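Have a look at the structure below, then the notes.
The values are calculated or read from the model by the stated rules, or taken from the named source; none is laboratory data. Predicted model only: the values in this text are computed from it and were never measured. Virtual Cβ from ideal backbone geometry, glycine too; neighbours counted across all protein chains shown. Accessible surface areas use protein heavy atoms only, side chains included; no ligands, DNA or RNA. Shrake-Rupley method; radii C 1.70, N 1.55, O 1.52, S 1.80 Å.
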Amino acid sequence: MTNRRNFIKQSGVLAAGLMMNFSCKPRTASQIGIQLYTLRDQVGNDPGAVFSKVAAAGYGKVETYGYENARFFGKTAKEFGGLLKNNNLTSPSGHYGMDKFLFDNGNGDDVKELIDVANTLGQEYIVIPHLEEQRRTTIAQYQRIVGKMNEAGTLCKAGGVQLGYHNHDFEFMPLEGSSGYTVLLKESDPSLVKLEMDIYWVVRAGQDPLDLMTKHPGRFTQWHVKDMSKTNRDENTEIGNGTIDFKKIFASTQLSGLQHFYLEQESNYKPDAYGSIAASAQYISQNLV
């Protein structure tokens with residue numbers, strides 16, 4: 001078992017490696033990513049047309065979602081990847097469910113299928129996007145889930161990809177004198193399970209993203225960049241129009257271990273979805289990267 005001193009030492013080495021990795025990358029508009037859930041009302045109708053508009057708005061990367069029945073919105077992984085390539089887009093990461101393995105004592109076939117899909121798209125990360133409420137009512141449930149995540153992370157590593165976990169706010173809620181996120185940070189193997197910080201949900205939960213980065217350097221290798229409306233904290237807004245100080249947060253990319261970030265907006269688009277993502281890309285490129 002790794003003791004606390006060795007864990008801190010290993011985490012420091014990991015953070016240093018990640019800081020070097022990110023700092024060596026050109027910080028240009030091509031580094032700006034978008035989580036496709038932002039355009040969930042559009043992407044299912046014509047993914048290629050959506051990708052064309054995403055690229056025109058200033059994005060170079062997309063994070064996928066919506067893989068069901070061996071298809072992305074009716075397209076095979078190869079077809080979907082071809083549409084991305086045709087629009088000069090890459091996809092470093094995708095949100096995928098692996099419920100059979102995590103909850104139903106599956107043999108790992110669902111995880112291996114996702115690894116194949118990720119490799120087809122050239123993705124580095126397979127990210128668990130959400131936990132249904134009935135799966136997370138006790139600390140014991142979180143402990144079991146995190147144990148299975150470590151196992152899934154081992155399968156992913158063997159397949160050439162990295163497992164990740166994306167937070168909402170519920171993981172930070174007090175639970176039996178602890179919290180789900182405390183269990184995740186304490187019991188997940190940092191080499192097998194990376195963390196995708198959804199900055200909006202961290203703030204919504206009353207937490208400080210920079211405090212988390214300081215206490216756990218190098219663990220947050222991906223971000224969701226999502227702003228909070230000034231008039232209604234339940235709603236999003238375009239980056240730079242809300243209450244979250246992204247300039248301060250982006251000054252800590254090396255501390256975080258950041259490799260990729262993705263705009264995500266789920267509500268309150270102005271004047272419309274495409275206008276919103278264009279405005280956010282412009283603000284990010286001019287002020288944050």
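Scanning the stretch 209-258 for residues that are touching a Phe, Trp or Tyr at 6+ places or on another chain (Cβ under 8 Å), more than 25 Å from LEU184 (Cα to Cα) and of a type in the set (Gly, Ala, Ser) yields a count of 1. If you check TRP201, TRP223 for being open to solvent by less than 10 Å² (accessible area, probe 1.4 Å), under 19 Å from HIS95 (Cβ atoms) and modelled with pLDDT of 95 or more, only one passes: TRP223. Among the conditions (1) surrounded by fewer than 22 Cβ atoms within 10 Å (Cβ to Cβ); (2) touching a Pro at 6+ places or on another chain (Cβ under 8 Å), LEU192 misses just one, which is (2). Among residues of the stretch 178-188 being in contact (Cβ under 8 Å) with a residue 12 or more places away in the chain and surrounded by fewer than 16 Cβ atoms within 10 Å (Cβ to Cβ), the one that is nearest to SER252 (Cα to Cα) is GLU187.
Looking across VAL203, VAL117, one residue alone is closer than 21 Å to ASP245 by Cβ and of a type in the set (Val, Ile, Thr). It is VAL203.
Between ASN87, ASN167, the distinction of being among the polar types (S, T, N, Q), open to solvent by 20 Å² or more (accessible area, probe 1.4 Å), touching a helix residue (DSSP H, G or I) at 6+ places or on another chain (Cβ under 7 Å) and within 20 Å of ARG40 (Cβ to Cβ) belongs to ASN87 only. Considering only the stretch 140-164, how many residues are open to solvent by less than 30 Å² (accessible area, probe 1.4 Å) and in contact with a Cys (Cβ under 7 Å, 6 or more places away or on another chain)? Residues meeting the conditions: 1. In the set (1) at pLDDT below 95; (2) open to solvent by 60 Å² or more (accessible area, probe 1.4 Å); (3) under 19 Å from the mean Cα position of the chain (by Cα), CYS24 fails one condition alone, (3). Within the stretch 217-240, which residues are without any contact (Cβ under 8 Å) to a residue 24 or more places away in the chain and either outside any loop (DSSP other than H, G, I, E, B) or under 20 Å from ALA281 (Cα atoms) (or both)? Passing the criteria: only LYS230. The helices (runs of 4 or more DSSP H) found entirely in the stretch 104-210 that carry 3 or more residues being touching a strand residue (DSSP E or B) at 6+ places or on another chain (Cβ under 8 Å) and closer than 29 Å to THR237 by Cα are 199-204. Within the stretch 241-271, the only residue that satisfies the criterion of being closer than 15 Å to LEU212 by Cβ, assigned to a loop (DSSP other than H, G, I, E, B) and polar (S, T, N, Q) is SER252. You will find that of GLY60, GLY97, the residue that is modelled with pLDDT of 95 or more, of a type in the set (Gly, Ala, Ser) and open to solvent by 40 Å² or more (accessible area, probe 1.4 Å) is GLY97 and no other.
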